[in-house]
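Okay, so here's the structure we're looking at.
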Amino acid sequence: MTRKIVVLNPKGGSGKTTLATNLAAHYASSGFSTTLVDHDSQASSTRWLRKRATHLPAINGIAAFEKNARVTRSFLMRLPPGTTRVVVDTSAAIAAQDMPELVRDADAILVPVLPSDIDIHAASRCIADLLLVAKVKRREQRIGVVANRTRRNTLALQTLLRFLGTLDIPVVATLRDSAHYLRTSEQGLGLHEMKAYLVREDLATWQPLLAWLEGRFAEGAGLPAASLEAAG
């Protein structure tokens, strides 16, 4: 069954692409037929895919931001047969009115947020739009917040965690501010594809996120599998 994860935050620089590419690499290296959908005109996810070595597990890429008058939109957005994981890297500055289509049949919606006042405010607005405009119901428990690029025992992190605690939205992971993510970006790798002894501490921070996602997929929540149109 196809499962769809949407990584969304209109605030630029929140780490959407890093989260999306590492998720795609994790699922591909775990044996899932994986597609990475890039909605951002900056094409960061698409460039990352082009850097992947041929010996690494294949990840299908869809450049959703491209316009091609010679083919239909549905043809451009088609998923390969047998796709079981779809990871969607959304664009920065996405309008609230565009959110309903992007998240309509997402099994999970991840909102990465950085520990700063500006980013906390942006994340608050994003979650409000998901609840009020996109009509994502709290009881579906599809939204998870990822505290990104954090440093232990800092005032900024404590402020972020206090804020997130007021939202009644789960914080599904607290990812470290680690130089290893730069390497994954430069080499078309995922954290889970690096030598485990080098990234052991980083991998540990991913376990709660991956466990939460698997719980979402197991529940199903009565949602339809990701469709061609919703992937676009």
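Points worth noting:
- Qualifying residue in region 166-179 (condition: over 17 Å from the mean Cα position of the chain (by Cα) and on the phi > 0 side of the Ramachandran plot): yes
- Top-ranked residue of region 190-202 - restricted to ones that are surrounded by 17 or more Cβ atoms within 10 Å (Cβ to Cβ) and more than 18 Å from the chain's Cα centre (by Cα), ranked as farthest from residue 112 (Cα to Cα): 194
- Unique residue being under 22 Å from residue 22 (Cα atoms), at pLDDT below 90, in a loop (DSSP other than H, G, I, E, B) and of a type in the set (Gly, Ala, Ser) when the list is 92, 58, 123: 92
Matching residues to (1) surrounded by 12 or more Cβ atoms within 10 Å (Cβ to Cβ); (2) among the acidic types (Asp, Glu); (3) in contact (Cβ under 8 Å) with a residue 60 or more places away in the chain; (4) within 28 Å of residue 219 (Cα to Cα):
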{"site": "134", "(1), (2), (3), (4)": "yes, no, no, yes"}
{"site": "145", "(1), (2), (3), (4)": "yes, no, no, yes"}
{"site": "156", "(1), (2), (3), (4)": "yes, no, no, no"}
{"site": "160", "(1), (2), (3), (4)": "yes, no, no, no"}
{"site": "182", "(1), (2), (3), (4)": "no, no, no, no"}
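- Residue tally, condition assigned to a loop (DSSP other than H, G, I, E, B) and either over 26 Å from residue 111 (Cα atoms) or aromatic (Phe, Trp, Tyr) (or both), over region 61-89: 10
- Candidate set from region 3-42 (those that are of a type in the set (Ser, Thr, Tyr) and either assigned to a helix (DSSP H, G or I) or modelled with pLDDT under 95 (or both)); member that is surrounded by the most Cβ atoms within 10 Å (Cβ to Cβ): 21
- The residue that is modelled with the lowest pLDDT, among those in region 203-232 that are polar (S, T, N, Q) and surrounded by 13 or more Cβ atoms within 10 Å (Cβ to Cβ), is 227.
- Residue list for region 43-55, restricted to those being in contact (Cβ under 8 Å) with a residue 12 or more places away in the chain and either buried (at least 24 other Cβ atoms within 10 Å of the Cβ) or not in a helix (DSSP H, G or I) (or both): 43, 45, 48, 52, 53
- The condition (being among the charged types (D, E, K, R) and crowded, with 18+ Cβ neighbours inside 10 Å) is satisfied by just one residue among 98, 89, 117: 89.
The values are calculated or read from the model by the stated rules, or taken from the named source; none is laboratory data. Because the structure is predicted, anything quoted here is derived from the model rather than measured. We place every Cβ from the backbone using ideal geometry, glycine too, and count neighbours over all the protein chains shown.
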